[in-house]
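Novice: Structure in structure tokens, see below.
The values are calculated or read from the model by the stated rules, or taken from the named source; none is laboratory data. This structure is a prediction, so every number in the text was calculated from the model and none was measured. Note that each Cβ is placed from the backbone with ideal geometry, even for glycine, and that neighbours are counted across all protein chains shown.
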Amino acid sequence: MRKLAFCANQSVKGRIADARGRLYRVALAWCGDPMLADDLVQETLANGIAKNHQLRDEKRLFPWLYSILNNNWRSYLRARKNHDELNDQLADDTAIGPRSNCQELELVEQVRAAVASLPLEQRQVIALVDLEEFSYCDVAQVLEIPIGTVMSRLHRARKNLLSRLSPPVAESGSGKNHMHIVK
Amino acid sequence: MNSHDHIDENTLGAFVDGQLNEADRAAVIRALDANFELREQVYQLRRAKDLVKLGFGGATSSAAKPRPWRGGLTRRPAVALAASFAMLGIGFSAGSLDYSLTGPGSMQAGQAMQELSAAPVPQQTNHVVLHIEDSDPRHFIAALNYVDTFMQRYADGSGEIEVVANAGGLDLMRAGLSPYEQRVVDMINRHGNVSFIACSNAIRNLELQGIEPGIISNVDTDETALQHIVGRLQSGWTYVKAESLIDARHNSAPAAGTAL
């Protein structure tokens, strides 16, 4: 039994180590800085490996890892006193000027710049949903926010992203959600 | 829920993200069938998803191997973060991205792609990506005529052309629906340097609406039109949009001098 537990433990550690690429994409979308993203991922992997025994359900590996990543990211921001980053309204008002500067950067860089100009909270949600294809419930759990907040941030993120990359998208109604989220 | 008036933006987002149960999903699809504006909103949401995937899907860590921890994140200078945002903000030319590759007939993709095509990458006129995104039969004819002309020009095999379809353009490549199905099949079978690519997103959109896409055999369906076209442009291929081939004087023939 002890040998089996050891093997399982090694398997989880291996999967954690293999998660670097996925974690990096999301970390980069969150922070916009390749070096910082590397550091965040490195710390997340180290934390994950050290605390792998706390993972009760291996199927929840990635939500668990992203929770660690989120904690590390928040710790970093707190330490740097960048709390302003957490203010949606402020970030909305101070977004990077969308139609300035050079016209020659490639599409990928333009998208990254547009994402970087989103408020932090919107970046976090859109990265987890669109890159990781997490369910709204998983995102809510990882970021420790209500599912309704996930949905509203996601909507604002997409709307802002499109407005930064193209003419304004047609507005839709703003009624309450009438449907049931199943995932 | 019988009216699209009851479908808010969060619900549309949940639909796009596959987060609705079967009943609600069916209700949204019914509403989409009845309302063009709602469809446009869904296409825009999908476009946003595609852009995020495009922007970060290929990002790779510079840390190929685990490296020694540098002593904690909080030691990094605060200025690094600010600098990184400033760096990424350079060259944010939002106005050049007026495309809607998964849109229900928007004709703005070409402009953006033409602009991208004009980027400082040496263009290869013997490598053409031909984009069609609407179901206008005149555009189908123009595109296929263009391919024929192209193949005659490069009969020695030195040229390569790809027809990429999304949105309504997908109909060109749908078995049993395309008015030029046999011609497409013949082109694929006859020429090794002609490819037809059907946008995976457009296919998915049809499937989500309960419509069987029925793509013609040997048409590639692995990528989105956006991914494929951008990749080709970055490699220096020439971008041609099918609708631009229509010459006002001839109405169904490739415009004289268009990229050939």
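Novice: List, please: which pairs have Cβ atoms under 9 Å, are six or more places apart or on different chains, and start with a residue in the range B:139-168 that is under 18 Å from B:CYS199 (Cα atoms) and end with one that is surrounded by fewer than 15 Cβ atoms within 10 Å (Cβ to Cβ)?
Specialist: Note: pairs meeting the criteria are B:PHE140/B:PRO179.
Novice: B:THR74 is checked against (1) crowded, with 19+ Cβ neighbours inside 10 Å; (2) modelled with pLDDT under 85 and fails just one. What number does that condition carry?
Specialist: (1)
Conditions (1) crowded, with 17+ Cβ neighbours inside 10 Å; (2) of a type in the set (Lys, Arg), marked per residue:
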residue	(1), (2)
B:ASP156	no, no
B:GLY176	no, no
B:TYR180	yes, no
B:SER200	yes, no
B:ARG204	no, yes
B:VAL219	yes, no
B:LEU226	yes, no
B:GLY231	no, no
B:GLY236	no, no
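Novice: When you scan the range B:206-216, do you find a residue that is crowded, with 19+ Cβ neighbours inside 10 Å, free of Cβ contacts under 8 Å to residues at least 60 places away in the same chain and closer than 19 Å to B:VAL147 by Cα, even just one?
Specialist: Yes: the range B:206-216 contains one or more residues that are crowded, with 19+ Cβ neighbours inside 10 Å, free of Cβ contacts under 8 Å to residues at least 60 places away in the same chain and closer than 19 Å to B:VAL147 by Cα.
Novice: Of a type outside the set (Lys, Arg), touching a strand residue (DSSP E or B) at 6+ places or on another chain (Cβ under 9 Å) and on the phi < 0 side of the Ramachandran plot: is that true of B:ALA143 in this structure?
Specialist: Numbers: of a type outside the set (Lys, Arg): yes; touching a strand residue (DSSP E or B) at 6+ places or on another chain (Cβ under 9 Å): yes; on the phi < 0 side of the Ramachandran plot: yes.
It is true that B:ALA143 is of a type outside the set (Lys, Arg), touching a strand residue (DSSP E or B) at 6+ places or on another chain (Cβ under 9 Å) and on the phi < 0 side of the Ramachandran plot.
Every residue, every condition in (1) part of a helix (DSSP H, G or I); (2) in contact (Cβ under 8 Å) with a residue 60 or more places away in the chain; (3) surrounded by fewer than 21 Cβ atoms within 10 Å (Cβ to Cβ), yes or no:
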| position | (1), (2), (3) |
| --- | --- |
| B:ASN10 | yes, no, no |
| B:ALA27 | yes, no, no |
| B:ARG30 | yes, no, yes |
| B:GLU37 | yes, no, yes |
| B:LEU54 | yes, yes, yes |
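Novice: If I ask for residues that are of a type in the set (A, V, I, L, M, F, W, C) and in a strand (DSSP E or B), which ones from the range B:184-202 would you list? So that I can check it myself, show each step before the final result.
Specialist: Start the filter on the range B:184-202 by keeping residues that are of a type in the set (A, V, I, L, M, F, W, C), which leaves B:184-185, B:187-188, B:194, B:196-199, B:202.
Correct list: B:VAL194, B:PHE196, B:ILE197, B:ALA198.
Novice: Within the range B:177-186, is there a residue that is of a type outside the set (Ser, Thr, Tyr) and without any contact (Cβ under 8 Å) to a residue 12 or more places away in the chain? Before the answer, list the steps.
Specialist: Of the range B:177-186, the ones of a type outside the set (Ser, Thr, Tyr) are B:177, B:179, B:181-186.
From the residues that got through so far, the ones that are without any contact (Cβ under 8 Å) to a residue 12 or more places away in the chain too are B:182, B:186.
Taking every residue of the range B:177-186 in turn, at least one turns out to be of a type outside the set (Ser, Thr, Tyr) and without any contact (Cβ under 8 Å) to a residue 12 or more places away in the chain.
Novice: Kindly indicate which of A:ARG156, A:ARG112 is of a type in the set (D, E, K, R), over 10 Å from the mean Cα position of the chain (by Cα) and facing chain B (nearest Cβ under 7 Å). Let's see the steps before the verdict.
Specialist: Working: A:ARG156 fails: facing chain B (nearest Cβ under 7 Å).
None of the others qualify; the one that does is A:ARG112.
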